[in-house]
Structures are given as structure tokens and as C-alpha cells.
Amino acid sequence: MRGSVLGQVNALLSNITAFGTSKYEAKEALRESGAKTWHDIGKGLDKIFSYSTANKYREVWREVLSYAKENFKVKDAEKLNADHIKAYLQNKIEGNVKYSTFQTYASAIEKLEVALNKWSKLYSKQNTYSFSDAIKDLRQTASERLEHFSGTRNYENPKAIVSAIKDERYSIAAHIQHESGARIDEMYKLTEKNLRGISKDEYTQKDIGLVEVKGKGGKTRELKLNIYTYERLESYIKQNASFELKDKDSYRSAIKDAAINTGQAYDSRGSHGLRWNFAQERFQELQKNSITYMQAIQIVSIEMGHNRPDITERYLFGK
């Protein structure tokens, strides 16, 4: 492959991007074709679906090729092999990056393997690339040596923050996030069609209001709100035709002001901190209602719109 490092990276990337298509639908298709584990699905997804992921991977691929060029005189991406990848990742471990950062590098390189194999097949190069063993070995080393995130982004007193927000729209939004774990994007626009009425929580038997939203990958789920918040949302929609949260920065500023006014740290928590609070509070609530540990994690995972329980465990335990 000829051209600059960035030119080669962009050429590889162009063959595996699928912007505007649904990652969720792609996963479902893999399941229907026999994929059983998350590893099977991950290996089967040979596309990148979001611009943000593409940009992250582009930067890592550029680093990998630049490293190979500088240390091994490799100027052609097609000449990359597992030894080059292993050396690059070892260098990152020696640089004492955080484990979560290392995981980003590893994920990007797994997709680089996909891109190179696809390029080889597309242009009949008869090259085969396999970086999996190198990545697997170094993941274990990285897990043992690198710093894991052990903090938490939850607020000390989320109820005080939510109560301190004066703007009606932002107050409703904060209540929704704290009570249901909703993402900001899931509240972008809610109308009467999203309101699913009053029901009972099947695990606690509490009366709740259900709001249907479309989450990541177009997957539909229901938010569970307390009756007071549900009725506030319903009333707002009746008066304004819809509930819209398009100005995310202003909403975050309202939460920041409320945190400061109630003597709490805001820093990196943002509105997402309320999702952390929801996860931890919901998990405890479920366990108090005789739900087992693993069942509670699975339930919270589904209610947060996560595809894997291990993601939810980070919210619960900060790991």
C-alpha cells in the first residue's frame, strides 16, 4: 500500500465504515445467523457505525503505523504483523496508560485486523492478518499492571441536585434521568406517543409511569418514572405539544449550578452522573426485594439500555 501514513489509514477505514446504518440491526442479524457470545458478535461486526468511533480508531491506527515505521522501518500497512502490534501495545503498557485507555487501543487494533483482511480480500493480495493472540496476552498483562478506574461518577446527594433545578423543563429532565437512568439523547423529543400510561413495577409492585424511548442503535425501551414525575411530563407535553431537550449544554449548566449550590462536586459527572445514581439505587432496591445479585445486575443492565452486564457493573462498583 502506497501513500502517507494518514492516507493509508483513511483508505483502510473507508472499506469498513457504515455510517447511518444500525449497529443494533447488524448484531441481531449475527444472532439470527448463529452468533451466540459477545465475542462471536464482536468478531462478526466488520463495520464501524459511528463517526466518533471511526475518529478514535483512525488516530490509533495512525499511531500504530507511525510506530512501525519508526521502530521497524515498515512503511506499508500491508506489512504489519503481530510482532509490530505486540511491540506497540507493550510500549503503551510501559508508558503506564490507564487500563481503560489500553482497552481502547486493543479494540481499535482488533478492527484494524478486520480492515487489513478485508483489504487483502478486496484486492486479491492473499495476505492474512491475525493480531488476536498478541492482544489477548497483553490484555492480561495490562489488567495486572495498569491502573483501573476505581472511582465513581455518582452524586453524593442527587435528590438535592434535582430539587435545586428551577427551570421546569430541566427539572423534569433531571428527575427522569435520576429515576430511570435515561440518556440525554433519549429525551431529545418526547410527545404524547411516548407516554405509555400507569403500570406497576413487576419487581417492587410500586405504581410507575412508563415512557417509551428509542435508545442506542435504535433499540426501544421503557423508562420507569414515579407517578409525580410522569404526571409532570404528561402535563408539560399537553401544554407544549412536546418535551424537547435540544440544548444539552444549557441542561448540563443547570445541573452544574445545582451541584454547586448544594455543595457537591460536578467535575466529570455531568448529567451522566444521575445515570450512575440510578444504577446504584435501583440495584439496591432490587436486592431489597429478594432479587438475586446476578438477576439484579441483568435487570439494571436492561433498564439502562446496556448490551452487556459488565458495562453496568462499572456503574455499580466503579470498575
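Side notes on the structure shown:
- Residue match in the range 144-151 (condition: among the acidic types (D, E) and free of Cβ contacts under 8 Å to residues at least 40 places away in the same chain): yes
- Restricting the range 44-95 to residues that are of a type in the set (S, T, N, Q) and in a loop (DSSP other than H, G, I, E, B) leaves a set whose member that is nearest to E113 (Cα to Cα) is N81.
- Look at the range 45-66: where a residue is closer than 23 Å to S33 by Cβ, no partner that is modelled with pLDDT of 95 or more sits 6+ places away or on another chain with Cβ atoms under 6 Å.
- Condition met for I198 (part of a helix (DSSP H, G or I), at pLDDT 95 or above, more than 30 Å from A108 (Cβ to Cβ) and assigned by TED's automatic domain parsing to the domain that holds R252): no
- Residue, modelled with the lowest pLDDT, within the range 133-163, restricted to residues that are in contact with a Gly (Cβ under 8 Å, 6 or more places away or on another chain) and surrounded by 15 or more Cβ atoms within 10 Å (Cβ to Cβ): T152
- Taken as a whole, the structure leaves S163 outside the set of residues that are part of a helix (DSSP H, G or I), of a type in the set (S, T, N, Q) and touching a Phe, Trp or Tyr at 6+ places or on another chain (Cβ under 9 Å).
- Test: residue in the range 102-114 that is over 23 Å from F278 (Cβ atoms) and not in a helix (DSSP H, G or I): no
- Qualifying residues in the range 267-297 (those that are among the aromatic types (F, W, Y) and over 17 Å from the mean Cα position of the chain (by Cα)) - the one surrounded by the most Cβ atoms within 10 Å (Cβ to Cβ): F283
- Condition met for I176 (touching a Lys or Arg at 6+ places or on another chain (Cβ under 9 Å), at pLDDT 95 or above and surrounded by 16 or more Cβ atoms within 10 Å (Cβ to Cβ)): no
- Tally of residues being at pLDDT 95 or above and surrounded by 18 or more Cβ atoms within 10 Å (Cβ to Cβ) across the range 238-250: 1
- Subset of the range 90-128 [free of Cβ contacts under 8 Å to residues at least 60 places away in the same chain and among the aromatic types (F, W, Y)]: Y99, F102, Y105, Y123
- The residue that is farthest from the chain's Cα centre (by Cα), counting only those in the range 202-217 that are surrounded by fewer than 23 Cβ atoms within 10 Å (Cβ to Cβ) and closer than 30 Å to S22 by Cα, is L210.
The values are calculated or read from the model by the stated rules, or taken from the named source; none is laboratory data. Computed from a predicted structure; not experimentally measured. Note that we place each Cβ from the backbone using ideal geometry, even for glycine, and neighbour counts take in every protein chain shown.
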